[in-house]
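The values are calculated or read from the model by the stated rules, or taken from the named source; none is laboratory data. What you see is a predicted model, and the numbers here were worked out from it, not measured in a lab. So basically every Cβ, Gly included, is an ideal-geometry build from the backbone, and we count neighbours across all protein chains shown. Accessible surface areas use protein heavy atoms only, side chains included; no ligands, DNA or RNA. Shrake-Rupley method; radii C 1.70, N 1.55, O 1.52, S 1.80 Å.
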Amino acid sequence: MTRENGLNMLIVAGLVLVPLWAFFADEPFTITLATRAVILAMAAVGLNIALGLGGLISLGHAVFFGLGGYAMGILAYHAQTYTPFVEWPFVIEGTKSMPIIWLVAVVMSSLAAFVIGLLSLRTSGAYFIMITLAFGQMFFFFSISWSAYGGEDGVSIYLRNGFPGLNTLAPIQFYGLCFGLLMLVLLFASLLARSPFGLALNAARQSEQRVQAVGMMPFRLRLAAFVISGAITGLAGALFADLNRFVSPAMFSWQMSGEIMILVILGGVGRLYGPVVGAIVYVMLEHVLGDLSDYWHIYLGVLLLLVVLFVKGGIIGAVSGRRTAHG
Amino acid sequence: MTSVLSLEQIEASYGPIQALFGVSLDVSEGEAVALMGRNGMGKSTTVKTICGMLPAQGDIRFAGNRINGLPSHKIARLGVGLVPEGRRCFSGLSVEENLVAASRKGEWDFAKVTDLFPRLAERRRQQAASLSGGEQQMLAIGRALMTNPRLLVLDEATEGLAPVVRQEIWTAIEALKNRTGVSILIIDKSLKELARIADRAVIVERGKDVWSGAFDALDREVADRHLGV
């Protein structure tokens with residue numbers, strides 16, 4: 001077993017034991033923090049597929065996070081106001097069922113990723129960053145002016161949506177749900193990275209021409225990766241909105257895109273558990289430093305600077321010592 | 001014999017500078033053709049036009065279909081397996097991953113490639129960047145074979161390698177030629193080694209083909225005149 005695998009198992013153990021301890025010690029806030037970390041981790045695992053595996057520096061992943069959030073917000077809003085979402089040509093009611101909301105979130109964010117990818121993947125480097133950023137801003141300003149769903153104020157949902165067989169209002173049960181989903185997403189991401197598709201994507205990042213010479217089209221590989229990446233981040237968005245029981249244009253903001261990217265870089269780009277470590281550290285800093293100062297982002301900035309300058313491979317790279325990111 | 005690859009009066013330029021002034025050559029099913037010529041005469045440029053990396057005028061046909069203007073990946077899918085000059089592997093991937101990433105359904109798979117190059121099996125978990133030059137070359141050939149090509153294009157496959165390793169690679173290419181039906185277009189400078197596998201030779205000089213014929217017919221006089229050896 002490599003040190004990185006050991007570290008990964010330690011992280012999983014922590015994600016199981018800390019909330020359990022908090023449950024028995026009656027510290028619901030700790031559970032909420034852990035839930036937040038797990039959901040942000042999932043969003044970042046999504047980005048890591050595009051960024052770490054495909055080398056696609058997307059500064060627009062808030063689009064998918066926000067779409068997931070609004071999928072939840074809009075469906076739940078119609079369910080709680082007993083108004084149909086669509087009346088013509090057929091009636092579509094809102095819903096409070098998580099599985100349906102997740103499905104809608106994943107489908108919507110995949111579609112958006114497909115269209116955005118189709119247009120933006122023709123460019124690379126700085127242009128790709130700018131185009132994804134521009135799409136993010138488009139969604140952001142659209143959501144601000146969409147008064148049917150609160151415009152700038154967003155939408156509040158009174159009760160958390162339901163999952164068959166669980167009481168999602170109990171923090172530990174909702175945490176368990178999110179944690180389970182994160183584990184599934186991580187399993188999927190690790191299988192993906194080892195699959196011929198993942199290897200080809202990795203190879204395309206290293207040399208476009210060599211990949212073409214063995215008969216594969218880098219554009220299609222990247223588009224597929226971008227769609228998968230967006231779908232996972234979209235699912236995380238739906239959970240995030242359910243955690244807060246609130247969705248607002250802030251989920252579409254470029255700061256959100258930046259935050260997701262920070263999680264990946266902090267933890268380790270291209271490492272399976274990089275985004276998870278990044279999210280845990282981020283949420284801990286936010287909590288600890290946020291108590292000390294409103295300007296806690298300054299310290300986050302310093303930490304990010306140190307990680308980028310001195311430890312290649314993020315926190316996971318620093319601890320496990322393997323310099324080449326892989327899988 | 002059916003023609004696998006045929007080039008008819010190919011011209012190509014790098015920006016404003018014309019490099020090929022009419023190269024013609026043919027490779028038939030199961031045949032090995034040596035593409036020869038001194039440095040800078042257009043051998044690698046010819047390979048680039050075949051693989052769609054450089055636009056060309058003239059007619060390039062693969063298995064009867066015109067392939068000029070097709071993107072590289074489509075040409076590769078039709079069955080052109082390129083082993084590029086300078087052993088270009090995916091350095092961040094392991095040996096096995098390099099091969100799996102390129103694999104397409106057909107008779108060549110990981111087991112068959114490692115049968116041809118047992119050393120790749122020993123190194124299967126090693127990163128390509130840490131392989132020796134010869135092993136990287138074997139990996140590049142193996143990777144091309146994993147796409148199950150009809151035509152294997154070898155661009156300077158043994159350049160800059162130690163004599164022992166060169167022999168190993170030549171033996172493998174010879175085995176490929178004799179045991180499979182794959183057609184081979186090979187660029188190399190070593191007449192002695194080419195004689196082991198090449199059926200015919202085409203010599204290019206200043207962007208044109210100036211001599212072609214059976215490899216046995218390539219005598220001292222022709223070699224002296226066009227190759228300077």
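Each part reduced to its alpha carbon centroid, the stretch A:1-55 and the stretch A:255-327 end up 13 Å apart. Database remark: amide H of A:Gly150 closer than 5 angstrom to no amide H (H placed geometrically; neighbours at sequence offset of 5 or more, or on other chains; Pro and chain starts carry no H). Take the Cα radius of gyration of the stretch B:125-229 and divide it by 2.2 N^0.38 Å, N being the number of residues; the result is 1.17.
Arrange the peptides A:176-189, A:67-80 so that the one whose residues have, on average, the most other Cβ atoms within 10 Å appears first. Before the final figure, lay out each step's value.
On the way: A:176-189: 17.9, A:67-80: 25.1.
Taking the mean over residues of other Cβ atoms within 10 Å, the ranking is A:67-80, A:176-189.
Over all pairs of different C-alpha atoms in the stretch A:169-256, the reciprocal of the mean inverse distance, the Kirkwood hydrodynamic radius, equals 15.4 Å. Relative intensity of the stretch B:52-150 on a log10 scale, I(q)/I(0) at q = 0.14, 0.15, 0.17 Å⁻¹, equals -0.55, -0.61, -0.74, per a Debye sum over C-alpha point scatterers of equal strength in the absence of solvent. Remark: relative contact order (chain A) = 32 percent; criterion is Cα-Cα distance under 8 angstrom and separation of 6 or more residues.
Report the accessible surface area buried between chains A and B, summing both sides, using a 1.4 Å probe on protein heavy atoms only, in Å² rounded to the nearest 100.
Values: alone 15570 and 10500 Å², together 24270 Å².
Its buried surface, counting both partners, is about 1800 Å².
Applying 1/(1 + (r/R0)^6) with R0 = 45 Å to the Cβ-Cβ distance of A:Ser195 and B:Arg225, what FRET efficiency is obtained, to the nearest 0.05?
On the way: r = 54 Å, r/R0 = 1.19.
About 0.25, to the nearest 0.05.
Summing charges over neighbours of A:Ile260, with a neighbour being any other residue whose Cβ is under 15 Å away from its Cβ, gives -1 when K and R count +1 and D and E count -1.
Placing pseudo-labels 7 Å out from each Cα toward the beta carbon at B:Ser91 and A:Trp146 gives an inter-label distance of 4.6 nm.
Run through every distinct alpha carbon pair of the protein assembly as shown and return the Kirkwood hydrodynamic radius in angstroms, one decimal place. Don't skip to the answer; put the middle values down first.
Numbers: mean 1/r = 0.0379 Å⁻¹.
That comes to 26.4 Å for the protein assembly as shown.
Which percent of Cα pairs goes in each bin when the distances of the stretch A:210-280 are cut into 5 angstrom slices starting at zero? So the P(r) values, bin by bin, are 4, 13, 15, 23, 19, 12, 8, 4, 2, 1, 0.
With point charges of +1 on the Cβ of Lys and Arg and -1 on the Cβ of Asp and Glu, referenced to the Cα centre of the protein assembly as shown, which listed residue (A:Pro19, B:Gly69, A:Phe246) lies farthest in the positive direction of the dipole? Of the candidates, B:Gly69 comes out farthest on the positive side.
Place a +1 charge on the Cβ of each Lys and Arg in chain A and a -1 charge on the Cβ of each Asp and Glu, then give the dipole magnitude about the Cα centre in debye, rounded to the nearest 20. Display every interim value, and only then the final one.
On the way: 15 positive and 13 negative charges, 263 e Å.
Computed charge dipole of chain A: roughly 1260 debye.
With N counted as the residues of the stretch A:42-251, its alpha-carbon radius of gyration over 2.2 N^0.38 Å works out to 1.08.
Relative intensity of the stretch A:61-186 on a log10 scale, I(q)/I(0) at q = 0.13, 0.14, 0.19, 0.23 Å⁻¹, equals -0.66, -0.76, -1.17, -1.36, per a Debye sum over C-alpha point scatterers of equal strength in the absence of solvent.
Going from the chain on its own to the full set of protein chains, the stretch A:168-214 has these residues losing 30 Å² or more of accessible surface (heavy atoms, 1.4 Å probe, no ligands, DNA or RNA): A:Pro196, A:Leu199, A:Ala203, A:Gln206, A:Gln209, A:Arg210, A:Gln212, A:Ala213, A:Val214. For the stretch B:1-125, the normalised intensity computed at q = 0.15, 0.20 Å⁻¹ comes to -0.83, -1.19 (log10 of I(q)/I(0), Debye sum over alpha carbons, equal scatterers, no solvent).
Please go through the residue pairs B:Lys105/B:Lys177; B:Lys43/B:Lys177; B:Lys74/B:Lys189; A:Lys312/B:Lys74 and name each one whose alpha carbons sit more than 28 Å apart in this structure.
Numbers: B:Lys105/B:Lys177 21 Å; B:Lys43/B:Lys177 21 Å; B:Lys74/B:Lys189 30 Å; A:Lys312/B:Lys74 37 Å.
From the list (B:Lys105/B:Lys177; B:Lys43/B:Lys177; B:Lys74/B:Lys189; A:Lys312/B:Lys74), the Cα-Cα distance tops 28 Å for B:Lys74/B:Lys189; A:Lys312/B:Lys74.
Our helix-only sum for the protein assembly as shown, with -39,500 (n - 2.57) per DSSP H run of n ≥ 4 divided by its residues, gives a mean residue ellipticity at 222 nm of -18000 deg cm²/dmol.
If you average the sequence gap of Cα pairs under 8 Å that are 6 or more apart and divide by the length of the stretch B:1-152, what percent do you get for the contact order?
Once divided by the residue count of the stretch B:1-152, the mean separation gives 23 percent.
Convex hull volume per residue, computed on the Cα atoms of the stretch B:104-153, equals 80 Å³. Quick check: from the Cα gyration tensor, does the stretch A:5-129 come out rounded (a/c under 1.5), prolate or oblate? It is oblate, given that a/c is not under 1.5 and a/b is not larger than b/c.
Which value, in Å², gives the accessible area per residue of the protein assembly as shown when a 1.4 Å probe is used on the protein heavy atoms? Numbers along the way, then the final one.
Details: 24270 Å² over 556 residues.
Per-residue value: 44 Å².
How big is the convex hull of the Cα atoms of the stretch A:243-322, per residue, in Å³?
Values: hull volume 8.9 nm³, N = 80.
Hull volume normalised by residue count: 111 Å³.
Within straight-line reach of A:Lys96, meaning a Cα separation under 16 Å, sit the following aspartates and glutamates at least 8 residues removed in sequence or on another chain: A:Asp242. Our analysis of chain B gives Rg over Rh at 0.95, with the two radii drawn from alpha carbon positions and Rh computed by the Kirkwood formula. Averaged over residues, the count of other Cβ atoms within 10 Å places the peptides A:280-293, B:19-32, A:29-42, A:235-248 in the sequence A:235-248, A:29-42, B:19-32, A:280-293, highest first.
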